[in-house]
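Data block below; observations after.
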Amino acid sequence: MRDCCASESSCESKIHIAIVGTGSGAFAAAIRAVEEGALVTLIEGGEVIGGTCVNVGCVPSKIMIRSAHIAHLQTSHAFDGISIHQPQINRAKLVQQQQARVEELRQAKYESILDNHPDIELIRGWASFENAHTLVVKQPDGSAMRLTQDRILLATGASAAIPDISGLAQSPFWTSTEALVAEKESGRLLGAQVLAGEGGEIIQTAALAIRNRMTIHELADQLFPYLTMVESIKLCAQTFTKDVKQLSCCAG
Ligand SMILES: Cc1cc2nc3c(=O)[nH]c(=O)nc-3n(C[C@H](O)[C@H](O)[C@H](O)COP(=O)(O)OP(=O)(O)OC[C@H]3O[C@@H](n4cnc5c(N)ncnc54)[C@H](O)[C@@H]3O)c2cc1C
């Protein structure tokens with residue numbers, strides 16, 4: 001347990017706050033609470049601290065989005081003096097660099113805060129409530145720790161909702177977490193969202209494309225004989241594969 005209080009009495013006079021989670025929400029609250037004179041215990045069940053944003057959210061996704069944009073610009077830009085060419089992409093190296101940056105930021109923005117704030121301590125394990133003021137933390141070694149606090153803040157974030165689809169659990173499906181560290185691209189169409197009353201045929205085409213395991217390249221090359229709304233999903237696929245500035249609205 002913490003030994004940060006100058007004396008037992010000063011420790012007792014401070015308000016004790018448990019925060020479940022160690023994401024950006026938890027840390028923002030913890031820093032504010034200790035600034036106001038509280039003692040904070042953070043509880044994290046996951047393997048690393050930092051939660052979604054730094055580990056599997058904002059940070060790794062923006063690194064991949066930025067690198068994809070730079071690769072795209074090599075094939076498509078407006079400057080005659082810069083040659084256009086197909087990018088050479090090494091996804092394994094991209095993932096390695098992305099993960100190195102994730103670790104660096106986790107250290108700078110989260111772990112270093114624990115090092116520098118003696119009034120914030122970390123307990124590892126999954127928390128559940130025993131009563132309104134007491135948490136039971138199941139620790140990695142299997143033991144249960146009981147923690148009674150003046151206040152308890154839940155900063156447990158969210159996780160991907162896995163739909164209850166028969167057979168899904170047996171197939172190697174991805175959530176955004178797996179997609180972010182994939183070292184090979186699948187080219188598979190993962191889903192489609194349509195915001196229009198007339199969207200039925202688009203949904204049907206998307207469903208058929210997904211069911212038939214079409215790649216976005218195959219979908220982009222499909223010939224639709226009539227100009228229907230389905231063309232729009234083909235145009236979407238083409239935005240992944242072609243320089244869409246060259247296309248007219250109904251170009252095939
Ligand atoms: C791919 C992706 C990209 C994103 N990009 C952006 C973006 O660009 N900009 C943006 O603003 N937001 C973005 N977000 C959303 C953002 O990451 C989250 O909204 C934010 O990180 C949530 O922070 P949080 O502190 O509430 O929870 P989290 O960061 O999710 O932390 C919750 C923590 O609580 C722990 N926990 C849960 N239950 C328990 C328990 N019972 N006991 C112990 N520990 C527990 C979890 O292990 C986790 O570490 C993105 C999310 C994803 C998935």
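In terms of modelled amide H atoms, which long-range or inter-chain residues lie less than 5 Å from the amide H of residue 42?
Sorted by chain and number, the residues that satisfy this are 19, 121, 122, 123.
Hey, with R₀ at 45 Å, roughly what FRET efficiency would residue 61 and residue 146 work out to, going by the Cβ-Cβ distance, to 0.05?
E(calc), rounded to 0.05, equals 0.75.
Karplus couplings for the range 60-74 from phi (6.51 cos²θ - 1.76 cosθ + 1.60, θ = phi - 60°), rounded to Hz, Gly and Pro as x?
With the stated coefficients, the range 60-74 comes to x, 5, 5, 5, 5, 5, 5, 5, 5, 5, 5, 4, 4, 5, 5 Hz.
Relative contact order for the range 62-179: what percent, with Cα pairs under 8 Å and sequence separation of 6 or more?
Once normalised by length, the contact order is 10 percent.
Strictly greater than 19 Å: what percent of every Cα pair in the range 32-170 meets that?
Values: 6550 of 9591 pairs.
Taking all Cα-Cα pairs of the range 32-170, the fraction more than 19 Å apart is 68 percent.
Determine, from the Cβ-Cβ distance of residue 186 and residue 78 and an R0 of 41 Å, the FRET efficiency 1/(1 + (r/R0)^6), rounded to the nearest 0.05.
0.85
Which ³J(HN,Hα) values, rounded to whole Hz and listed in residue order, are derived for the range 83-99 from phi using the Karplus coefficients 6.51, -1.76 and 1.60 in 6.51 cos²θ - 1.76 cosθ + 1.60 with θ = phi - 60°, glycine and proline given as x?
5, 9, 8, 6, x, 8, 10, 10, 5, 4, 5, 4, 5, 4, 5, 4, 5
Rule-based calculations on the coordinates, nothing more; no lab input. Only a predicted model underlies this, so the values are computations on that prediction, with no experimental measurement involved. Counting neighbours? That spans all protein chains shown, and the Cβs are built from the backbone with ideal geometry, glycine included.
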